[in-house]
Structure formats: C-alpha cells, structure tokens
Amino acid sequence: MTQTSSAQTLANVAGAASPSVDEACPPSPGPTEAHRTGERITNNYFDGIAVSGVHKFLFFIIMAAYFFEQLDNWNFGFVAPALSQSWHLAMTDIATIVFWYFIGMTSGGFLGGVISDMIGRRKTFLGSILVFSISSIITGFTDSFAVFTLFRALTGFGVFCMMVTSQAYIAEMSPCESRGKWQGSVAAVGFCAVPVVALLCRLIIPMGPEAWRIIFYAGGIGLVAFAFGLKYLKESPRWLVSRGRLAEAESVIAFMTHRDIDLSEASRKVEAKVKFTSVLTGMFTPRYLLRTSLLILLFVTITPAGFLLTTWTTQLLKMKGFTVTESLTAATIISIGVPIGCYLASLVSDLGGRKIPLAVLSVVTGLCGIAFAFMDSLTGLILAGFSVTVVNMAVNFILFSYTAESYPTKMRNTATGFHNGLARLSVSASQPLIPMIHQAYGFAGVFGAVGTLFLLPVIPLLLWGKRTGGKSLEEIE
C-alpha cells in the first residue's frame, strides 16, 4: 500500500465519527443552525464544526510531509553499514555523524519552536521541509565526510523543527473533539515510513557499492509535500489572532469550514503586543511552572526510554546470544509496531481528558518493558518487544498533543520545542549509561530500567496533570 492510500484510509477512518470525551467541548453557539439562518458564529475557531473535505486535505498534506520527514529521519540507521564500507569509515566516524545529527535535532527543537511563534506555523513548517529535503539530497551527492556530516545535521534540524511545529499547528487547526485523533492519525501515516525505508534499503543497497546514495535522493521527495503546502496550507487562525490579524483569521476559518465566523471577542482577549522575552520565559512563570515541571519529568523519563528501545534492541539481542539474522528479523517485526502505536494514539487520545490514557498507557508500557527484559525465547521477545513498541509510540504521541495544549498560543511552540529539545538532550546524556547498566545487570537490567522510567511519572501526572482533552485551547489557557 502506498503512503497516499494509507493517508486516505486513515483520514476516512478519522472522519467517520467523533470520539467520546469525558469533558465535552464548551457549547458552541449552534454552528449548524447559524449556518442555516445565515447568522455569524461568534468566537469559535473549529470547535463543534464537522471537519470538511478542505480541512481533511490540509491534514493529508501534513501527513505526507510527516511521512517524508520520517523517511529522512530513519534512513541513516539502515544506510550506515553500506556508507561505512564505501568510505572505509571507523565506528568513531559513524558516531560523529550520529552525534551531530542529534545536535541538529536538539537545535531544531529549541529554535524551531521560537521561530514558529515569531513568524508563524505555516512559514516554519514549509521552511523545515525545504531544509531536510535539500539536505538529504546533498548528503547523497557529496563525497566529503565533513559536508555529509554538516548536511546530516541540517537534516536533523529540519526534521525536528517540522515535528515540533506540526504539533502546535495540528492542535490549533483541529476541533477540540478530535485534536488527539488527528495528531495520532498524522503520526500513524508518518511512521509508516519506518518499514517502508527498511524495505527500500533492503532492495536498493545491495544493487551496488554506491547504491546507498539513492536512499538519500529519495529523501528529497519531501519537496512534493512542500509544493502542495505552498499552494494549499493556511496559517493558523489562532496565531493570526495573536498577531492582531483578525480578518485573515476569519477568512481562513471560513475557507476551511464554510462557516461565517466572528472572532472579534476572542481577539480582544489576546495581548496586543507579545514581548519576545515573555515568549521565551512564559512557561516558567508561576502560572505555568507546575505544568512545565510535570512535562519536563514526562519528557526526560519517557523519551530516553523510548529511544533505548528503538536504538539498542537489535544490538542487545545479538549480545544476548542470538544471531545477526535473528536479531534483525526480531527488530524488523518489532518496528511494525511503530505506526500501529501512533494509530492506537489516535483512537484513545481524546478519552479521559488526555491525561488518563497517557497515564494508563505509561503503566502498560512499563509493564511490557519489564516483561521484555525477562524473556528468553526469540518468540517471547518479539511478542513483548512488539507490544512495548506499540504502547510506547502511543504514549509519545499523546504526550505531544498534551504538551501543545498546555500553553497559550503566544508561546505554544516555543514551549513545545523546549520540551522536545530537552528530551533529545536527555537521550544523548543517557547513552553512556546503557553499556554500564548492561555490564552490571545484563539485558534484563537495561530493559528493566526502560520499564521503570515509564512508571516513574505516572503518579505525579495523575496528581497534578491538567485535563486538556475535549476542551477548547482557550478554555485550557
């Protein structure tokens, strides 16, 4: 199945019925009746209005961009052995490339959020597609290690800049009834790139010693998503209102929903001029400090645990005594759980005010991780590994929705980028600990730590987490 058909299928499923939520959206002023009578709907963005075909097409463009982004994000892990052989690279050289890629991702998280809050979601989203697509093509053409490393880092910057921008963008462009569903649906399509890039690499790389370059050329297909986005993507109305551009915001919503929307009252509640310092430091003010602290705890425990699963499983299975073929087979089957987990998030994210499914799935992930740690048979490891991958991805993408909802428009993406950038730094900091844990406690110790990390933030989340699912962003704010 192609990525296009996958996206259309998910969009059809997502548009079929609104999920139930424990807290309904604030009642809108009767959009359907107002539409029949020709009256304007007052102070409503997309809440309470059915998602139109135009609206779904916007989500489809984001899905396509997400797919190509993940293609560029995951390709190096499969290309690295062939690149190493072609250029006679040492393990330290590969580590250097990976290190700078993570530096690029971290920078994309921190800076992309700030840029998006300053110049808008649409420009930042499209710019990031250009960066990672062109950078991928250049890494395919170059014969210089330094140039390859530089543009691999820029690929990481573009990939993560788009990821954090898309989180705020989807949150601001979705009805409150189905924000989590659309976040999960977009991610599910995007992460279908993982098994696709694995299959492409398996077919293409054996064709010749330089065939690995084709994989990076393929990463440039993201320019197709850029072209569609340039023509059809609209700026977030909430961001436009925050910048005093009321007429543009109302025009965007009218185009997307075929409704006549009056945002004059909503615009009066927005600060006339947003200070740059308040964007950068607002998440640490007394009003937001508790939720910021809780989100930091969630990201620095859940994200390193998730990356440990995706990065180290194949190597540690081999060190456990399985052959390379057995380890790769297990890792390939386990990786299929990545898009399935994102789709699971789309089904359950809007239940329980967002924090309840996040807490429940964190517990399930922790228990599955501990079960994986103590499995000995390959079949048992595959089953447990697949299960923990599914729920891990669901947890991560519900957390992305939860983060984007937790802050006001003026600093939403800066805060989202901060948390995601900090999460990537925690991944880098945790890497030297993994060999030490493995040496001291073995395979069970490493993945037992994964399970524990998922369980740690559950009680603080239940005690202090806000319910955000099913509420308008303005009510949460």
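The values are calculated or read from the model by the stated rules, or taken from the named source; none is laboratory data. On a predicted model such as this, the values are computed, not experimentally measured, just so you know. Heads up, the Cβs are rebuilt from the backbone with ideal geometry, glycines too, and the neighbour counts pull from every protein chain shown. Heads up: the accessible areas ignore ligands, DNA and RNA and are worked out on the full protein's heavy atoms, side chains in. Shrake-Rupley method; radii C 1.70, N 1.55, O 1.52, S 1.80 Å.
How much accessible area per residue does region 42-166 have, counting only protein heavy atoms and a probe of 1.4 Å, in square angstrom?
I get 34 Å² per residue for this part.
For region 351-476, what is the accessible area per residue in Å², given a 1.4 Å probe and the full set of protein chains?
Value returned for region 351-476: 34 Å² of accessible area per residue.
At 1.4 Å probe size, put 88, 258 in order of accessible surface, largest to smallest.
88, 258
Apply the a/c threshold of 1.5 to the C-alpha gyration tensor of region 57-133 and tell me whether it is rounded, prolate or oblate.
In terms of gyration-tensor shape, oblate.
Run the 1.4 Å probe and let me know the accessible area of residue 459, rounded to the nearest 10 Å².
For residue 459, the solvent-accessible surface is approximately 120 Å².
At 0.36 nm per residue, minus the direct Cα-Cα distance, what do residue 251 and residue 54 gain on full extension? Give it in nm, one decimal, please.
69.5 nm
Strictly over 22 Å apart at the Cα level, which of 56/410; 123/466; 181/355; 56/355; 56/466 would you flag in this model?
56/410; 123/466; 56/355; 56/466
Where the accessible area of region 160-263 is counted over protein heavy atoms with a 1.4 Å probe, how much of it, in %, is carbon and sulfur?
Exposed carbon and sulfur together represent 69 percent of the surface.
Using a 7 Å offset from the Cα along the Cα-to-Cβ direction at both residue 147 and residue 211, what is the distance between the two label points in nm, to one decimal?
Distance between label points: 2.5 nm.
List the residue ranges in the chain for DSSP H helices whose C-alpha atoms run 20 angstrom or more along the long axis and whose Kyte-Doolittle average is -1.0 or above.
Passing helices, by number: 53-87, 91-119, 121-141, 145-173, 289-319, 355-373, 378-405, 412-430, 433-455.
Working with all protein chains in place, sort 243, 202, 259, 121 by solvent-accessible area computed with a 1.4 Å probe, largest first.
202, 243, 259, 121
Roughly speaking, to the nearest percent, how much of region 288-424's 1.4 Å accessible area is carbon and sulfur?
On region 288-424, the fraction of accessible area on carbon and sulfur atoms equals 75 percent.
At 222 nm, what value in deg cm²/dmol follows for the chain if DSSP H runs of at least 4 each add -39500 (n - 2.57) and the sum is divided by all its residues, to the nearest 500?
It lands at -25000 deg cm²/dmol.
Per the 1.4 Å probe, what fraction of the accessible area of region 435-477, in percent, lies on carbon and sulfur atoms?
That share works out to 64 percent.
Under a 1.4 Å probe, what is the accessible area of region 182-243 per residue, stated in Å²?
38
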